[in-house]
Amino acid sequence: MEQSLQTKNALGYGVASIAESSMYQLVNGYLLLYLTSVVGVGADKAGLVMSVGMVFETMAGLIIGKLSDSCTSPKGRRRPFMIFCAIYVPIVLILLFSNYSGIFGGGSLIFPYLFLNILFWIGHSAMYIPYTAFGAELATGYDDRTRLRSMCSIFSVVGSFLGS
């Protein structure tokens, strides 16, 4: 018989959706506005920064999924990625929402944001893909997975609110 998912485990797993949703909402909702209004980058260049980052997320997802599946850490296959990203992604977010117009001028101003946005989306993939796969390992039965994803959905709304 399958082991049932404990409520505390589902709750603990679901709470992580707050962080994922808030950072996702922050970058998708405000980076373009920040780049054009605060930094002073043209809308075309800011759109390029956003688009290139998302393309890199797609490519990173393929690689990170494979790495996560084949990880042999004593902490588990997914946890090392999530632990690393709990430190890495906030640092990249702080750097991404810093104003470099005093350091870089003219056309070169987009390069630090392009680089940091790529780093953010790679970090997002390195966190989100193992996190999602970990949920499938944590809850093996249909009802447990439904409960787990329901917890994630509730906390995801909270995260989206906080990110906004």
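Just a few scattered comments:
- Scanning region 26-39 finds no residues that are touching an Asp or Glu at 6+ places or on another chain (Cβ under 9 Å), under 18 Å from Val158 (Cβ atoms) and buried (at least 19 other Cβ atoms within 10 Å of the Cβ).
- Scanning region 67-76 for any residue that is assigned to a helix (DSSP H, G or I) and under 25 Å from Val157 (Cβ atoms) turns up nothing.
- Verdict on Ala133 being in contact with a Gly (Cβ under 8 Å, 6 or more places away or on another chain), in contact (Cβ under 8 Å) with a residue 40 or more places away in the chain and among the small types (Gly, Ala, Ser): yes
- Test result for Phe155, within 23 Å of Met54 (Cα to Cα), in contact (Cβ under 8 Å) with a residue 40 or more places away in the chain and in contact with a helix residue (DSSP H, G or I) (Cβ under 6 Å, 6 or more places away or on another chain): no
- Among all positions in region 81-102, there is at least one residue which is part of a loop (DSSP other than H, G, I, E, B), at pLDDT 90 or above, under 19 Å from the mean Cα position of the chain (by Cα) and among the small types (Gly, Ala, Ser).
- Residues within region 2-12 that are open to solvent by 20 Å² or more (accessible area, probe 1.4 Å) and not in a helix (DSSP H, G or I), tallied: 4
- Residues in region 13-25 that are under 18 Å from Met82 (Cβ atoms) and either open to solvent by 50 Å² or more (accessible area, probe 1.4 Å) or among the basic types (Lys, Arg) (or both): Val15, Ala19, Tyr24.
- Unique residue being touching a helix residue (DSSP H, G or I) at 6+ places or on another chain (Cβ under 9 Å) and at pLDDT below 95 when the list is Phe111, Phe56: Phe56
- Residue that is over 15 Å from the mean Cα position of the chain (by Cα), closer than 28 Å to Leu62 by Cβ and not charged (D, E, K, R), where the choices are Ala133, Ala139, Ala126: Ala139
- Contacts under 9 angstrom Cβ, first residue in region 66-94 being closer than 25 Å to Ser22 by Cβ, partner assigned to a loop (DSSP other than H, G, I, E, B) and open to solvent by 60 Å² or more (accessible area, probe 1.4 Å), 6 or more apart: Ser68/Arg77; Ile83/Lys75
- Within region 46-90, tally of residues that are out of contact with any Leu (no Cβ under 8 Å at 6 or more places or on another chain), under 30 Å from Gly102 (Cβ atoms) and surrounded by 13 or more Cβ atoms within 10 Å (Cβ to Cβ): 7
- Restricting attention to region 138-164 and to residues that are open to solvent by 60 Å² or more (accessible area, probe 1.4 Å) and among the aromatic types (Phe, Trp, Tyr), the residue that is nearest to Thr7 (Cα to Cα) turns out to be Tyr142.
The values are calculated or read from the model by the stated rules, or taken from the named source; none is laboratory data. A quick note: this is a predicted structure, and the numbers were derived from the prediction, not measured. When we count neighbours, we look across all protein chains shown, and the Cβ atoms used for this are built from the backbone with ideal geometry, even at glycine. Note: areas computed on protein heavy atoms with side chains; ligands, DNA, RNA excluded. Shrake-Rupley method; radii C 1.70, N 1.55, O 1.52, S 1.80 Å.
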